[in-house]
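Okay, so here's the structure we're looking at.
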Amino acid sequence: MQWTSRNRVIAAINHNEPDRVPINVTPLYDFYLNLKQYLNLEIDEEVKCGLSMEVIPHPVVLKAIGVDISSVKLGSPRRPVTIALGNDRLRDEWGVVYKKIRQSAGSYYEVVQPPLANATLEDLEKYPWPVADLPGRGESAEKDAKRLFEDTDLALLGRAAGSIIEMPIYLMGFQNWMLRLGSDPIFAAALLDKITAVQMNFDRVLLQATAKYLNIYKVSGEDLGMQTGPLYSHRMFKELFLPRQKRRWQAIRQYLDAVNPGVKIMLHSCGGIRKFIPDLMEAGIQILDPIQPHAVGMDSTELKKEFGSRLVFHGGVDIQQVLPFGTPTEVEEEVKTRIKALAPGGGYILAPAHNVQADVPPSNLVAMCRAAQKYGAYPLDLTLP
């Protein structure tokens, strides 16, 4: 069999062993520019990123380092929905005002004006919620997906527009939202219902445009954990968050089953979330990202033993210490550790345990990819030191 990036990923997400462990990377804007310079690649491209600062790398860059997956997302509508306010401030279509912050590790956008900080139930009914199916969004996504599907052998990941759990933090501010969660469950439920409806409409537009080309559909920004464990109680998760997430994921699954049933649903959820994993799987999650290795309860070996026959893992490579501050040799050892723990039997896509920021030396990311190609070849040598 002639292995390509696409069928390599398809094998892995179906719990089979391809020729080697697949690799994925999501760079942020500043790091991506550094990486292209390090690789001495001059590519005629317009490097785009949104408020997340995430970049979809050019296929030439992905192939140069051995990455197997590219992404597609909704394009910008013909009528601008993000408004520049001056002084590095932007207002997005949710009404949230952000300011660009520049640090040594790169630039990012921080919420400076949450529009629903003191909202009432009546305010939610009157609020101008985003409209998903504006002209231009789906057409752009379909064009990108078709081009990548036909012109490359990369696997394709559909990147959903946003979250249910985190969106209230942007709309209200972290402290305001946490206080309302505890003191006003009726309001909290109403806000989550509004957000869920909007995000499901965004899913519909993206899936209608791209589903036939995809291998993975990623729902992102649903962080349930911290470094030290869960951010929310299990009861709150099951009563307030999970029913709405399940409604969304089942609608995604229903659409995929009608158009392209081989697509797997991936959830991005940071932190120590082990206690939530059985519920997430029951609700329809098939791939879990990012497997933050130093968060409480997220030991790679234990996760593979407990859930590996039913759940695919994506991520795992330490982005907090090893990738930004380690040597290429230490990066190689980290890769070997994750492969030995997570790769046996397939069901693993090796990737950094979050987006790659500008404090990561490009040489370390290249070392990660090279080590994955070297030590991730099947059959695995599990006697590696």
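Rule-based calculations on the coordinates, nothing more; no lab input. Nothing here was measured: the structure is a model prediction, and the numbers come from that model. Virtual Cβ from ideal backbone geometry, glycine too; neighbours counted across all protein chains shown.
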Notebook entry, point to check: So what's the range 136-202 giving for Cα Rg divided by 2.2 N^0.38 Å, two decimals?
Noted result: 1.59
Item checked: Shape of the range 99-142, Cα gyration tensor, a/c cut at 1.5 -> oblate
Check: the range 229-278: D in µm²/s via Stokes-Einstein (Kirkwood Rh, Cα pairs, 20 °C, 1.002 mPa s)?
Finding: 173 µm²/s
Check: If you add up the charges near residue 191, with Lys and Arg at +1 and Asp and Glu at -1, over every other residue whose beta carbon is less than 14 angstrom from its beta carbon, what do you get?
Finding: -2
Notebook entry, point to check: Do the sum for the chain: with -39,500 (n - 2.57) for every DSSP H run of n ≥ 4, divided by all residues, what is the mean residue ellipticity at 222 nm, to the nearest 500 deg cm²/dmol?
Noted result: -12000 deg cm²/dmol
Check: For the residues 153, 381, 289, what sequence is obtained by ranking on other C-beta atoms within 10 Å, fewest first?
Finding: 381, 153, 289
Notebook entry, point to check: In Å, what Rg and Dmax follow from the Cα atoms of the chain?
Noted result: 20.2, 63
Check: By how many degrees, between 0 and 90 and to the nearest 10, does the Cα long axis of helix 185-210 differ from the longest principal axis of the chain?
Finding: 50 degrees
Notebook entry, point to check: Where is the GNM fluctuation largest for the chain (alpha-carbon springs, 10 angstrom cutoff): 192, 206, 156?
Noted result: 192
Next item on the list: Quick one: net charge around residue 43, please, counting Lys, Arg +1 and Asp, Glu -1 for every other residue with C-beta under 12 Å from its C-beta.
Entry: -2
Next item on the list: Beyond 19 Å, what share of the Cα-Cα pairs of the range 297-385 is found? Please give it as a whole percent.
Entry: 35 percent
Check: How many angstrom separate the Cα center of the range 157-219 from the Cα center of the range 44-65?
Finding: 25 Å
Notebook entry, point to check: Considering only the other residues whose Cβ falls under 14 Å of the Cβ of residue 322, what net charge follows from Lys and Arg at +1 and Asp and Glu at -1?
Noted result: -4
Checklist line | Angle between the chain longest axis and helix 174-183 axis [Cα atoms, degrees, rounded to 10] | finding: 70 degrees
Check: Taking Cα atoms, how many degrees apart are the long axis of helix 242-259 and the longest axis of the chain, rounded to 10 and kept between 0 and 90?
Finding: 60 degrees
Margin query: Could you work out the percent of alpha carbon pairs in the range 219-367 separated by over 23 Å, rounded to a whole number?
Written below: 38 percent
